[in-house]
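The values are calculated or read from the model by the stated rules, or taken from the named source; none is laboratory data. Note that the coordinates shown come from a computational prediction; the quantities given were computed from them, not determined experimentally. Backbone-built Cβ (ideal geometry, glycine too); neighbour counts: all protein chains shown. For the accessible areas, the whole protein counts, side chains as well, though only heavy atoms, and no ligand, DNA or RNA atoms are used. Shrake-Rupley method; radii C 1.70, N 1.55, O 1.52, S 1.80 Å.
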Protein chains: 2
Amino acid sequence: MARQGLTPDSVTVAGAELADEIGFDAVSPAELARRLGVRTASMYAHIANAADLRARIAALALDEMAEQISLAVLGRAGREALVGMMNAYRDYARRHPGRFTAATWQPGAGDQVLAAGRRHAELTRAVLLGYHLPVEAVPHATRLLGSSLRGFVTLEASGSFDQSRPAAADSWPYVIDGLHTLLSHWNDTFPQPEPEPNKK
Amino acid sequence: MARQGLTPDSVTVAGAELADEIGFDAVSPAELARRLGVRTASMYAHIANAADLRARIAALALDEMAEQISLAVLGRAGREALVGMMNAYRDYARRHPGRFTAATWQPGAGDQVLAAGRRHAELTRAVLLGYHLPVEAVPHATRLLGSSLRGFVTLEASGSFDQSRPAAADSWPYVIDGLHTLLSHWNDTFPQPEPEPNKK
DNA sequence: TTGATTACCTAAGCATATTAGGTAGGAGAT
DNA sequence: ATCTCCTACCTAATATGCTTAGGTAATCAA
């Protein structure tokens, strides 16, 4: 038997590809071993266990996403940066559904995942820079942006929008422009001093 | 051995409680049987298989959520209805993390889940009624609202906001008011005829 | 009490996760 | 070339989970 020459990294990449094909939840040491033409037990030379395999794929996906978003934001500012970031995020999810699921999966996030999470937060903050928000508003705007983005893309990917007309893609511009408008008029929407915008 | 008097419904309820305690992903026929003081094989008298158990819990959660949201929206309109709905959704997720995970879980949604999904869409449309949006805008607004809501609550529940200050709860009013503002000024943000608001 | 129903059980087959210890493929040194 | 070491991969074995088939006894209707 010729050796496959597997390494932790190559196994992780293969796992990511497998996730895109059969779904992240279906990825397991056994399934991946089958795919790689190797016995299940041999996987344990490269990964610690099933959870570790999944965590590695998640970290890989998070890094790839951050990379794509970086490229899309580079050299842009304001609305262009926002559009670039949002589209990069959505495109990645559409191109790599399994990896995207992995990236949005957290149960017991390790250091790798936490670091990638911070990188994403950094990118979002960079995009928001172009909207000149008051400093205290940045965390809130980051979360609002992140929530809408992740929510839409997750729902679209899971097929939740398939039941209704028009196509999900037609609603995407509304999400982008809605966010852009909100960020552009932040101070009008949320009056400055001690913002306690919600009563009841 | 005294009988437990289990039924498909009581098993589903027990499964939902278990999900809130140990996480939806950890719920299985074996684990639930342990909890109920019954042999694993005995579960198959009440459920078809593991996927069926999970689907039942998901349907239960979806129904409970719709119920809570109905109560929160009843007799209210406009901003009050929006706030009621969003808070009901978020509160349910915080009170029942396992059930919430189940409700946002879809892989191969059955009839039950699809019906519940429609009920949720109905409720959202009802809330949007108070904003007097142009008819063509309703699906888009529904998705925008749904995305932000689900995105924020999911991220909050998964602990993604725990790493940064201020507390996640402090950002919640911004999500509510941001959505409210957007819905209130829909026609300003998205000019009427043939809305093709996003270019590049 | 009898009879029927059915909630629960034991037994068994098969798949996966994981560990322990063996074997051989291939790179580098001699 | 051949020796040697490393290690990628293997076989074997245990534990556990999912699922089906076929019994047993608790409960209810008559």
Find the helices (runs of 4 or more DSSP H) located wholly in segment B:89-200 whose residues include 2 or more that are among the aliphatic types (A, V, I, L, M), and list them. B:97-103, B:111-129, B:138-157, B:168-184
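One line per residue, one yes/no per condition, for (1) more than 13 Å from DNA strand D (Cβ to nearest atom); (2) hydrophobic (A, V, I, L, M, F, W, C):
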residue: B:R3; (1), (2): no, no
residue: B:V13; (1), (2): yes, yes
residue: B:D20; (1), (2): yes, no
residue: B:P29; (1), (2): no, no
residue: B:R35; (1), (2): no, no
residue: B:T40; (1), (2): no, no
residue: B:Y44; (1), (2): no, no
Of the numbered conditions (1) away from chain A (no Cβ under 14 Å); (2) away from DNA strand C (no atom under 12 Å from the Cβ); (3) modelled with pLDDT of 95 or more, B:G75 satisfies every one except a single condition; which is it? (3)
Within segment A:117-156, tally of residues that are over 17 Å from A:G178 (Cα atoms), open to solvent by less than 20 Å² (accessible area, probe 1.4 Å) and either among the β-branched types (V, I, T) or without any contact (Cβ under 8 Å) to a residue 40 or more places away in the chain (or both): 1
Being modelled with pLDDT of 95 or more and under 27 Å from A:P97 (Cβ atoms) narrows it down to one of B:G117, B:G110, B:G15, B:G98, so name that one. B:G98
Name the residues in segment B:25-49 that are part of a helix (DSSP H, G or I), surrounded by fewer than 15 Cβ atoms within 10 Å (Cβ to Cβ) and aliphatic (A, V, I, L, M), would you? B:A26, B:A30, B:A41, B:A45
Hits in segment B:169-194 (condition: more than 7 Å from every other protein chain (Cβ to nearest Cβ) and closer than 20 Å to A:T189 by Cβ): B:A169, B:D170, B:W172, B:L179, B:H180, B:L183, B:S184, B:H185, B:W186, B:N187, B:D188, B:P191
Do the conditions hold for A:D25, that is, is it more than 8 Å from DNA strand D (Cβ to nearest atom) and more than 14 Å from every other protein chain (Cβ to nearest Cβ)? no
Would you call B:R56 in a helix (DSSP H, G or I) and within 14 Å of another protein chain (Cβ to nearest Cβ)? no
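For (1) crowded, with 16+ Cβ neighbours inside 10 Å; (2) acidic (D, E); (3) over 18 Å from A:D9 (Cα atoms), each residue gets a yes or a no:
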site	(1), (2), (3)
A:G23	no, no, yes
A:R56	yes, no, no
A:A61	yes, no, no
A:E67	no, yes, no
A:L71	no, no, yes
A:V83	yes, no, yes
